[in-house]
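Reading through the structure tokens given below for one structure.
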Amino acid sequence: MATSPAIEVRALSHAFTGERTVEALRDVNLEVAAGSFASLIGRSGCGKSTLLRVLAGLIEPTDGAARLNGEDVRGRPGHAAYMPQEDTLLPWRRALGNAVLGLELQGVPRSEAEGLARPLLERFGLGEFMRAWPAELSGGMRQRLALARTFLARGPLLLDEPFGALDALTRQEMQIWLQEVWTAPTADERRTALLVTHDIDEALVLSDVVYVMSDRPGTILERIEVPLARPRALTVVTSPAFAGLKARVLEALVRGRS
């Protein structure tokens, strides 16, 4: 018997109103199966981040449906583990304190939250830095800490260009690291994830499926499955199969230019 997708968007549109109306999204349809990793890719300003914020419950769309695990999340935050583009670490909290912030806001006692966070920080390679201040961490470590905080929250993972501020080499290292962390649990235990990115290689290295968006107002141009075997080393980007998938994404992006 078919199960409902963990992330589901149907005929979703949104316009920002003010001095002038800006149509950000138009008739967007997508779904992500439970335990799958999907990416949204498109040029800057196409509405990718707006769509993620709708799914996070931070924006109520003008029209259409947005559901996480079957629940309507329009204007209802708290159903997703959302990571914005900036790491938003609190400089007055040590690494462990930053990791447990979301759990504390959900009412989990500090001692219990820390008990949940410690093994995850070990898994994320931050075991020796739990007492470190954010200013003492490298860019890659800060992003890992922010991701750990996101992983501790309930619901599907919504990741808005988490590596966008990193240099190219660190970004590649983080892509491989995230893939390893995400695939570590069994298939039935993996977190559903939706990543926003403008980096084609990043989308193809990490994802099971890639959704290509048009320029604003953003809509879905093409759904591209990524049948590459896991784990995917960085050398996968030189393979003929990868090149073929990348060409499909590029062709779709060209079609979507306004």
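Every read-out reported here was derived from the displayed coordinates using simple, explicitly stated rules and does not represent laboratory data. All values derive from a computational prediction rather than experimental measurement. Heads up, the Cβs are rebuilt from the backbone with ideal geometry, glycines too, and the neighbour counts pull from every protein chain shown.
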With only Lys, Arg, Asp and Glu charged, each at its Cβ (+1 for the first two, -1 for the last two), find how big the charge dipole of region 88-154 is about the Cα centre; round to the nearest 20 debye. 100 debye
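What list do you get for HIS79, HIS14, HIS198 if you sort them by fewest beta carbons within 10 Å? Spell out each step's value before the answer.
Details: HIS79 21, HIS14 24, HIS198 16.
Sorted ascending by nearby Cβ count, the order is HIS198, HIS79, HIS14.
Sorted by mean Cβ packing within 10 Å, highest first, what order do the peptides 209-221, 165-177 take? It would help to have the intermediate numbers written out before the result.
Details: 209-221: 21.6, 165-177: 15.5.
Going from most to least packed, we get 209-221, 165-177.
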With springs connecting C-alpha atoms under 10 Å apart, model the chain as a Gaussian network and identify which of LEU145, LEU40, LEU120 has the largest mean-square fluctuation. LEU120
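Using alpha-carbon pairs under 8 Å, 6+ residues apart, how would you state the relative contact order of region 50-174 in percent? Don't skip to the answer; put the middle values down first.
Details: 187 pairs, mean separation 39.1, N = 125.
Computed over region 50-174, the figure is 31 percent.
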In debye to the nearest 20, how big a dipole does the chain give about its Cα centre with +1 on each Lys and Arg Cβ and -1 on each Asp and Glu Cβ? 100 debye
From Cα pairs below 8 angstrom and at least 6 apart in sequence, can you work out the relative contact order of region 181-258, rounded to a whole percent? 29 percent
Percent RCO, i.e. relative contact order, over the chain, from Cα pairs under 8 Å lying at least 6 residues apart: 25 percent
